[in-house]
Amino acid sequence: MSTPYEHAVEQLQQVATLLRSHYDDKVRFEEIIKQLSIPEHFHQTELTLTKDDGSEQKLPAYRSQHSHARGPYKGGIRFHPNVTVDEVKALSMWMTWKCAVTGIPFGGGKGGVAVDPRSLSDAELERVSRAYTDFIAPFIGSKVDVPAPDVNTDGRIMAWMVDEYKKVAVGRDPHPEAAFTGKPIELGGSEGRDEATGLGGVMVLDQLAEKLGWRSKQEVTVAIQGLGNVGYWFAHHAAERGYKIVAVSDSKGGVVVHKGLDPAATLSCKLEKGSVVDCYCVAGVCDVVHGRSITNDELLALDVDVLVPSALEGAITKENAAQVRAKVVIEMANGPVTPEADAVLHNKGVMVVPDVLANAGGVTTSYFEWQQNLAGEHWSHDAVITKLNAAMRLGFVDVWMMHLKYPKESLRMAAYLHAVKSVVDAVLN
């Protein structure tokens, strides 16, 4: 099985094969594809964390800057013990394509520290955050590279990083608050950021339902794996628009309620009981009469119209892809469908809306935050959501048009074709 970075490069080569005929200067085209197969810059170091007990811990840390052809590098920072060179390089490449899909003027970046934040005290977590900021400060900036939260990082960590960056970037960056997004609102964060990724996915679902002729949303059944931030907001906005949410899950298992469940009541029950497994909710009333508990594997195999993996990478694999009965899979997590599973689903006629389109609402709203910071403005919630809807609509239309040009290819390949072409054209122009 290929590594994530090898898979990313392989994807790029597949796209290049289909795009080559679009360009007269084949030599220049091949040079650009070769350039795009590796990050423009890759930075790594070993941070030294002084623990509360005075001992020291060495932590590998990275920042990958893939392409600035369309604008400053953009991408999250993750704190996780499994962060590797290979993973960060792949994610930075995928971020380039994700930004290009919705037309926002950023290139791809990604960073991380190989650490388990659950093992750290708050004071230690702050020290790691500030040490990482000191490491990347010479390579980032409001017009150079704009990091954001990712796995195990959040607004609080961004606040520490902005504070540290302001200390080390004095006189160098006129807009230091714009060098990070995903900040708390009181520190320049954007309205709507928490819900943006999930909401953006529902905006894509709306457009896909229209293309597929699904006229009655009340008849469209949806199962969502993962009731974290992304999964919850997808469920909330989908239910609000009339879709029937029949199943949700968390790491311990899930529930199925064929009459449809109430996302807010289910989340409230999860917070009270620790898991959705014991929550069966209809119209805000939780009662075991209305549903039954299921495993995550059972959720993936439910006979529904739309399956939304929004929790983990690699949730749908070659081992369980054959059991998927949904008509559409919307990737709200990053990489929830493995390449081998992707081929199985495509051969079965299951349409997979790829993560680079489906969950692009987050980075799109990060772009809005960046714009607000540079202009010294603060937009209303309605203004942000209106702009998000326009961006997601444009991204979907562009991908769908490419899908119509290459009807034998998957929607994922259509998204990559559109994205890579946009970046190649930016380099040429």
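The values are calculated or read from the model by the stated rules, or taken from the named source; none is laboratory data. Bear in mind that the values here come from a model prediction, so they are computed numbers and not experimental data. Neighbour counts are summed over all protein chains in view; Cβ atoms, including those assigned to glycine, are modelled from backbone coordinates with ideal geometry.
For region 215-244, a residue qualifies if it is of a type in the set (Phe, Trp, Tyr) and without any contact (Cβ under 8 Å) to a residue 40 or more places away in the chain, and the qualifying residues are Tyr232, Trp233.
All of Asp355, Asp342 fail the test of being surrounded by fewer than 24 Cβ atoms within 10 Å (Cβ to Cβ) and out of contact with any Phe, Trp or Tyr (no Cβ under 7 Å at 6 or more places or on another chain), apart from Asp342. Among the criteria (1) closer than 20 Å to Ala426 by Cα; (2) in a loop (DSSP other than H, G, I, E, B); (3) out of contact with any helix residue (DSSP H, G or I) (no Cβ under 7 Å at 6 or more places or on another chain); (4) of a type outside the set (S, T, N, Q), the one Pro39 does not fulfil is (3).
Filtering region 10-27 to residues that are surrounded by 13 or more Cβ atoms within 10 Å (Cβ to Cβ), modelled with pLDDT of 95 or more and either assigned to a helix (DSSP H, G or I) or hydrophobic (A, V, I, L, M, F, W, C) (or both) leaves Leu12, Val15, Ala16, Leu18, Leu19.
Quick grid of which residues meet (1) assigned to a loop (DSSP other than H, G, I, E, B); (2) surrounded by fewer than 18 Cβ atoms within 10 Å (Cβ to Cβ); (3) at pLDDT 95 or above:
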position	(1), (2), (3)
Leu388	no, no, yes
Met392	no, no, yes
Gly395	no, no, yes
His403	no, no, yes
Lys408	yes, yes, no
Met413	no, no, yes
Ala419	no, no, yes
Ser422	no, no, yes
Ala426	no, yes, yes
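Within the option set Tyr62, Tyr5, being within 20 Å of the chain's Cα centre (by Cα), among the aromatic types (Phe, Trp, Tyr) and either closer than 19 Å to Asn429 by Cβ or outside any strand (DSSP E or B) (or both) holds for one residue only, Tyr5.
What are the residues in region 44-73 that are touching a Pro at 6+ places or on another chain (Cβ under 9 Å) and not polar (S, T, N, Q), if any? The answer is Glu46, Leu47, Arg63, His66, Arg70, Gly71, Pro72, Tyr73. For region 136-154, a residue qualifies if it is surrounded by 19 or more Cβ atoms within 10 Å (Cβ to Cβ) and of a type outside the set (A, V, I, L, M), and the qualifying residues are Gly141, Ser142, Asp145, Pro147, Pro149, Asp150, Asn152, Thr153. Under the condition of being farther than 28 Å from Asn82 by Cα, surrounded by 13 or more Cβ atoms within 10 Å (Cβ to Cβ) and not hydrophobic (A, V, I, L, M, F, W, C), the residues counted in region 29-45 number 1. Condition check for Ala358 on (1) free of Cβ contacts under 8 Å to residues at least 40 places away in the same chain; (2) under 14 Å from Ser410 (Cβ atoms): one failure, at (1).
Counting only helices (runs of 4 or more DSSP H) that sit completely within region 272-382, those holding 1 or more residues that are charged (D, E, K, R) and over 28 Å from Met93 (Cα atoms) correspond to 296-300, 339-348.
Inspect all residues belonging to region 125-137 and state whether any of them is under 30 Å from Ala390 (Cβ atoms) and among the β-branched types (Val, Ile, Thr).
Checked region 125-137: no residue is under 30 Å from Ala390 (Cβ atoms) and among the β-branched types (Val, Ile, Thr).
With respect to Glu124, is the statement that it is more than 26 Å from Cys99 (Cβ to Cβ) and either over 23 Å from the mean Cα position of the chain (by Cα) or not in a helix (DSSP H, G or I) (or both) true? Against the criterion (more than 26 Å from Cys99 (Cβ to Cβ) and either over 23 Å from the mean Cα position of the chain (by Cα) or not in a helix (DSSP H, G or I) (or both)), Glu124 qualifies. Considered as a group, the residues in region 310-337 that are out of contact with any Asp or Glu (no Cβ under 7 Å at 6 or more places or on another chain) and touching a residue at least 60 places away in the same chain (Cβ under 8 Å) include one that is nearest to Ser410 (Cα to Cα), and that residue is Ile330.
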